[in-house]
Amino acid sequence: MRRNVEVKARLRAREEALGAALRLQGLPQVCPEAGQGPGEGQRLPQVCPGAGQVLLQTDTFFRVPRGRLKLRRTQDGRGELIFYERPDSAGPKLSSFSITPTADPEGLQAVLSQSLGVLGTVHKERLLFLLGQTRLHLDRVQGLGDFLELEVVLRPEQSVQDGQRVAQELLRHFGIQEQDLICGAYLDLLLAQGQRGDSGDTARGQQGDSGHLCPPYKYIMPCSAP
């Protein structure tokens, strides 16, 4: 399985986070639109060369005995089946994962839905930045709001602690506070609000002493920030 160190946090100001990401890439924070004169423009990352890739993703989660299994569908009609395991705790943590691409996501989803059952679906618009060995995601999640996610892709010789140091440094750069950190997946937040992102049963969440949300369908000890 592949490894990375991941962390998610709520974004209080998406535009400020976007500006911070552009500064890290050494890019201008204001990009002129086509047909506009110098000095005229607006913050539109999708028209700025190298300023990030816009991805539309739909993640459907299935019921499995351990870890998480989701099918990701993208705007180009392709899909990826992703299995991963990581602690449901706030702060940077190790995630072990496997990914298999598919050219028939609709057919695969039908089979997995019938055989395993669906937990729920997450719809999001993702702005992707590549910062060295880190994938930076500025996510706008339907029904939840804006989030920042870091995925530090570990090299074979690197330890989890190495990845955590990279993630912590980036969190400081973006001004992320401890109370902004979340544990679990976006689906957990939707389920805690009584949503699944699609039709079906709802589930209730639980909250730990630290105030960080824990997965509603995996009743574990309350999580806390490191």
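The values are calculated or read from the model by the stated rules, or taken from the named source; none is laboratory data. Small disclaimer: the values here were computed from a predicted structure and weren't measured. Note that each Cβ is placed from the backbone with ideal geometry, even for glycine, and that neighbours are counted across all protein chains shown.
Miscellaneous remarks
- Within the range 86-105, if we keep just the residues that are more than 24 Å from GLU169 (Cβ to Cβ) and in contact (Cβ under 8 Å) with a residue 24 or more places away in the chain, the residue that is surrounded by the most Cβ atoms within 10 Å (Cβ to Cβ) turns out to be PRO105.
- Qualifying residues in the range 56-111 (those that are among the small types (Gly, Ala, Ser) and in contact with an Asp or Glu (Cβ under 7 Å, 6 or more places away or on another chain)) - the one nearest to GLU125 (Cα to Cα): SER95
- Yes/no for GLN133 being within 17 Å of the chain's Cα centre (by Cα) and not aliphatic (A, V, I, L, M): yes
- Filtered residues of the range 92-121 (kept if among the polar types (S, T, N, Q) and over 18 Å from THR58 (Cβ atoms)): SER95, SER96, SER98, GLN114, SER115
- Test: GLU169 is touching a strand residue (DSSP E or B) at 6+ places or on another chain (Cβ under 8 Å), at pLDDT 95 or above and of a type in the set (Asp, Glu): no
Rundown of residues vs (1) free of Cβ contacts under 8 Å to residues at least 12 places away in the same chain; (2) under 17 Å from ARG2 (Cβ atoms); (3) in contact with a Ser or Thr (Cβ under 6 Å, 6 or more places away or on another chain); (4) in a helix (DSSP H, G or I), yes/no style:
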{"site": "LEU112", "(1), (2), (3), (4)": "no, no, no, yes"}
{"site": "ARG140", "(1), (2), (3), (4)": "no, no, no, no"}
{"site": "PHE147", "(1), (2), (3), (4)": "no, no, no, no"}
{"site": "ARG155", "(1), (2), (3), (4)": "no, yes, no, no"}
{"site": "GLN158", "(1), (2), (3), (4)": "yes, yes, no, no"}
{"site": "GLN168", "(1), (2), (3), (4)": "no, no, no, yes"}
{"site": "ARG172", "(1), (2), (3), (4)": "yes, no, no, yes"}
{"site": "ILE176", "(1), (2), (3), (4)": "no, no, no, no"}
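- Among the residues of the range 171-181, just one is surrounded by fewer than 20 Cβ atoms within 10 Å (Cβ to Cβ) and in contact with a Lys or Arg (Cβ under 8 Å, 6 or more places away or on another chain), namely ASP180.
- Within the range 102-126, the set of residues being in contact with a Gly (Cβ under 7 Å, 6 or more places away or on another chain) and either closer than 27 Å to PRO156 by Cα or among the small types (Gly, Ala, Ser) (or both) comprises THR102, GLY120.
- Single residue of LEU136, LEU81 found to be in a strand (DSSP E or B) and more than 21 Å from ASP188 (Cβ to Cβ): LEU136
- Filtering THR134, THR121 for residues that are hydroxyl-bearing (Ser, Thr, Tyr) and over 22 Å from ASP180 (Cβ atoms) leaves a single hit, THR121.
- The single condition among (1) closer than 24 Å to ALA13 by Cα; (2) at pLDDT 90 or above; (3) buried (at least 20 other Cβ atoms within 10 Å of the Cβ) that HIS212 does not meet is (2).
- Selection status of PHE147, more than 15 Å from the chain's Cα centre (by Cα), surrounded by 14 or more Cβ atoms within 10 Å (Cβ to Cβ), modelled with pLDDT of 50 or more and of a type in the set (A, V, I, L, M, F, W, C): no
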